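Before any comments, here is the structure.
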Amino acid sequence: MTENVADKSVEQLKQERHRDYEVYPQGTMQEVFDDLADRREKCPITFSEKGGFWLATSYDDISSILRRNNRGFVSFPNIPDGKVAFGQKAQIPIELDGPIHTQYRKLLDPLLSPARIAAIEDDIRAVANDLIDGFIETGQCDVVPQFAFPFPGINFLTLMGWPLEDAEKMNEWVEIFLKGVPGGTEEETLQARIRASQESRAYIQAIVDDRRANPRDDITTTIVQTEFDGEPISDSDLSDLFVLMLMAGLDTVQSVIAQSMAYLAEHQDRWEQMFASPDSLEPAIEELLRWTSPAMPTRNVAEETATVGDMTLPRGERVFCPLNAANRDPKYFEDPDEVKFDRVDPKPHVTFSLGAHRCVGVHLARTELKVAFQELHRRIPHFRLVEGEKPRELMALTWSVDNVKIAFDPAG
Amino acid sequence: MSDHPPFKIDEEFCVGHGRCYALAPESFQPDEMGHGVVRDYRDGPATREPGVVVNACPESAIELITVGGDAEKGSQS
Ligand code: HEM
Ligand code: SF4
């Protein structure tokens, strides 16, 4: 697959490198990882006619593409089949590029800086403990609904200064956005999504109106009062931004906690290892982030051409960049499918993406994970999967697991 | 102070992952955006091999300035 690539037309390359990829795969995660590994070895960038996108699988190709956002690539539409999920509008800020995106990042980065997040760490710890209080006496926990899912949602409300009582309502909308109506028809899911979208927008609009009338010392007020080039952010853009910030932080944190707890239930020696010394936790979380890697961005060639691996692709071509493929490239991670807390000065994982769209919630996410594991370990030093219960793998545009039911000695 | 590695951050590529100031707080600090800044005053000896710090930046944005003025850099591709 090497000689004279430059002489070949894109259509020729698409034919030669045709190998369909299922974005919503059946089977197990390991089967998909094996497929990705096989591609990486044989032909690291393949074309999936199904969905019409290129699939990158190596660390070097994926990191190179993501770093070139605004330098040859843009993120809109950030979905491999190119179909825009919620209407035609680009999602703010994840599908914005260029100067407007920079303006949003200049607004958001300071609001989610390490110092701002450190200031709410105690609140995050209290949220973790409240959730643990809810099940600790029963000796069992259904990890996703009782901890991993509500935890980031409540933290988001804390961060934004929104009423904590609204967590349940918010979680319901997010479930519908992300998962639709389980077992329902497509039509039922569509209707439910429209309803959830209307309700969440109305809810956010009320908050925006309130902050305009009664400004407070919170992040929401700062964002509502922001002007770009003398213009305030429109109500509809504010609503989009808040919904995206909420969604981006929920599914991902949830997935990392749920996958980690499922793994740790069966590897209790690792649970101990994470807390062996004060310095053990941080690198262990980085390794769990590498291994769980839930997000899968797509980039689009935005200039006349851009280099993708050994090819030159024209404007409009989409490249799907599953971050978990980069994170399991054996070039940088020996035994990539294994969780190893003792990797020595490992290559940085790309779980939070790279380049201009690098996760704006990275400091919040790392703090949430640190606090969650610390409090779970303090209060549940040993646990196992409930007998007969097996975690269920969920593979869509975010990878996750649910049905993580653990059992432990009930305590206080 | 002189035993500190001569780090330099390429601002064009730093997007604020924060690995540098997490790993080597004696050499780096965050600015208000969370982007890394090389500290101009150090309150302790360097604790990490410079190469380890350079490799820890996901964007390969950290360079080591060598005496001749050349920079050794992570593999920015
Ligand atoms: C472990 C948890 C998390 C993971 C793995 C994660 C992952 C990611 C990834 C991969 C991207 C970039 C996608 C792309 O390049 O197209 C991203 C962007 C983003 N994330 Fe996170 N995220 C996490 C937690 C959070 C949290 C807690 C927040 C809360 C505010 C958040 C808010 C955002 C936002 C607003 C963006 C868009 C940034 C932009 O487009 O400039 N994330 N995240
Ligand atoms: S690790 Fe790299 S990208 Fe992150 S703040 Fe430091 S220099 Fe910037």
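The values are calculated or read from the model by the stated rules, or taken from the named source; none is laboratory data. None of the values given here were measured: they were computed from a predicted structure. Positions of Cβ are backbone-derived with ideal geometry, glycine not excepted, and every protein chain shown enters the neighbour counts.
The residues of the stretch A:10-28 that are touching a residue at least 40 places away in the same chain (Cβ under 8 Å), buried (at least 17 other Cβ atoms within 10 Å of the Cβ) and out of contact with any Pro (no Cβ under 6 Å at 6 or more places or on another chain), listed by number, are A:Leu13, A:Tyr21. When you scan the stretch A:403-411, do you find a residue that is without any contact (Cβ under 8 Å) to a residue 24 or more places away in the chain and either closer than 27 Å to A:Asp20 by Cβ or not aromatic (Phe, Trp, Tyr) (or both), even just one? No: the stretch A:403-411 contains no residue that is without any contact (Cβ under 8 Å) to a residue 24 or more places away in the chain and either closer than 27 Å to A:Asp20 by Cβ or not aromatic (Phe, Trp, Tyr) (or both).
Looking for whichever is under 30 Å from A:Arg68 (Cβ atoms) and either free of Cβ contacts under 8 Å to residues at least 24 places away in the same chain or of a type in the set (Asp, Glu) (or both) here; the options are A:Glu338, A:Glu334. Which one fits?
A:Glu334
Looking at A:Ile154, A:Ile120, A:Ile136, A:Ile132, which is the one that is touching a residue at least 24 places away in the same chain (Cβ under 8 Å), touching a helix residue (DSSP H, G or I) at 6+ places or on another chain (Cβ under 8 Å) and farther than 29 Å from A:Lys390 by Cα? Before the answer, list the steps.
On the way: A:Ile154 fails: farther than 29 Å from A:Lys390 by Cα; A:Ile136 fails: farther than 29 Å from A:Lys390 by Cα; A:Ile132 fails: farther than 29 Å from A:Lys390 by Cα.
Every option except A:Ile120 fails the conditions.
Only one entry in B:Pro25, B:Pro45 is more than 18 Å from A:Val350 (Cβ to Cβ), at pLDDT 90 or above and more than 9 Å from every other protein chain (Cβ to nearest Cβ), namely B:Pro25. Every condition in (1) assigned to a helix (DSSP H, G or I); (2) within 14 Å of ligand 1 (Cβ to nearest atom); (3) of a type outside the set (Phe, Trp, Tyr) holds for A:Pro80 except the one numbered (1).
Can A:Leu108 be described as within 14 Å of another protein chain (Cβ to nearest Cβ) and within 17 Å of the chain's Cα centre (by Cα)? Spelling it out, it is not the case that A:Leu108 is within 14 Å of another protein chain (Cβ to nearest Cβ) and within 17 Å of the chain's Cα centre (by Cα). Of all the listed residues (A:Val371, A:Val301, A:Val319), the sole one being more than 13 Å from ligand 1 (Cβ to nearest atom), surrounded by 21 or more Cβ atoms within 10 Å (Cβ to Cβ) and more than 11 Å from chain B (Cβ to nearest Cβ) is A:Val301. When the stretch B:1-19 is filtered for residues that are away from every other protein chain (no Cβ under 11 Å) and in contact with a Gly (Cβ under 7 Å, 6 or more places away or on another chain), only B:Ile9 remains. If you filter the stretch B:48-65 down to residues that are assigned to a loop (DSSP other than H, G, I, E, B) and in contact (Cβ under 8 Å) with a residue 24 or more places away in the chain, you find that the one that is nearest to the other protein chains (Cβ to nearest Cβ) is B:Pro58.
Of all residue pairs spaced 6 or more apart or on separate chains, those with beta-carbon atoms under 8 Å, a first member in the stretch A:344-357 that is facing chain B (nearest Cβ under 7 Å) and over 10 Å from A:Pro297 (Cα atoms) and a second member that is crowded, with 23+ Cβ neighbours inside 10 Å and of a type in the set (Asp, Glu) are A:Leu354/B:Glu59; A:Gly355/B:Glu59.
Can you confirm whether the stretch B:64-77 contains a residue that is modelled with pLDDT of 90 or more and within 16 Å of ligand 1 (Cβ to nearest atom)? Lay out the reasoning, then the answer.
Step one: filter the stretch B:64-77 for residues modelled with pLDDT of 90 or more, giving B:64.
Cutting the leftovers down to within 16 Å of ligand 1 (Cβ to nearest atom) gives us none.
Within the stretch B:64-77, not a single residue is modelled with pLDDT of 90 or more and within 16 Å of ligand 1 (Cβ to nearest atom).
Is it the case that some residue within the stretch A:103-111 is within 14 Å of ligand 1 (Cβ to nearest atom), touching a helix residue (DSSP H, G or I) at 6+ places or on another chain (Cβ under 6 Å) and part of a helix (DSSP H, G or I)? Yes, some residue in the stretch A:103-111 is within 14 Å of ligand 1 (Cβ to nearest atom), touching a helix residue (DSSP H, G or I) at 6+ places or on another chain (Cβ under 6 Å) and part of a helix (DSSP H, G or I). For the stretch B:23-32, filtered to residues that are touching a Ser or Thr at 6+ places or on another chain (Cβ under 7 Å) and over 15 Å from B:Pro5 (Cβ atoms), the residue that is surrounded by the most Cβ atoms within 10 Å (Cβ to Cβ) is B:Pro30.
Restricting to the stretch A:167-198, give me the number of residues that are part of a helix (DSSP H, G or I) and in contact with a helix residue (DSSP H, G or I) (Cβ under 9 Å, 6 or more places away or on another chain).
Of the residues in that region, 19 qualify.
Residues checked against (1) closer than 23 Å to A:Glu272 by Cβ; (2) in a loop (DSSP other than H, G, I, E, B):
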site: A:Lys331; (1), (2): no, yes
site: A:Asp337; (1), (2): yes, yes
site: A:Leu376; (1), (2): yes, no
site: A:Leu394; (1), (2): no, no
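Within the stretch A:171-196, being at pLDDT below 90, small (Gly, Ala, Ser) and under 20 Å from A:Ala248 (Cα atoms) holds for one residue alone: A:Gly180. When the stretch B:28-42 is limited to residues that are more than 16 Å from ligand 1 (Cβ to nearest atom) and at the interface with chain A (Cβ under 10 Å from one of its Cβ atoms), the one that is farthest from A:Gly361 (Cα to Cα) turns out to be B:Gln29. Hey, any hits in the stretch A:266-282 for a residue that's within 25 Å of the chain's Cα centre (by Cα), over 26 Å from A:Pro145 (Cβ atoms) and outside any helix (DSSP H, G or I)? Among the residues of the stretch A:266-282, at least one is within 25 Å of the chain's Cα centre (by Cα), over 26 Å from A:Pro145 (Cβ atoms) and outside any helix (DSSP H, G or I), which makes the answer yes. Does the stretch B:16-26 include one or more residues that are more than 10 Å from ligand 2 (Cβ to nearest atom) and of a type outside the set (Phe, Trp, Tyr)? Within the stretch B:16-26, one or more residues are more than 10 Å from ligand 2 (Cβ to nearest atom) and of a type outside the set (Phe, Trp, Tyr).
All of (1) assigned to a loop (DSSP other than H, G, I, E, B); (2) surrounded by fewer than 23 Cβ atoms within 10 Å (Cβ to Cβ) hold for A:Ala306 with one exception: (1). Per the conditions (1) at pLDDT 95 or above; (2) away from chain B (no Cβ under 14 Å); (3) away from ligand 1 (no atom under 15 Å from the Cβ); (4) under 30 Å from A:Lys50 (Cβ atoms), the sole criterion not satisfied by A:Met395 is (1).
Count, please, the residues in the stretch A:199-233 that happen to be of a type outside the set (Asp, Glu) and in a helix (DSSP H, G or I). First the steps, then the outcome.
Just the residues of the stretch A:199-233 that are of a type outside the set (Asp, Glu), to begin with: A:200-208, A:211-216, A:219-226, A:228, A:230, A:232-233.
Checking which are in a helix (DSSP H, G or I) leaves us with A:200-208, A:211-213, A:219-224.
Qualifying residue count for the region: 18.
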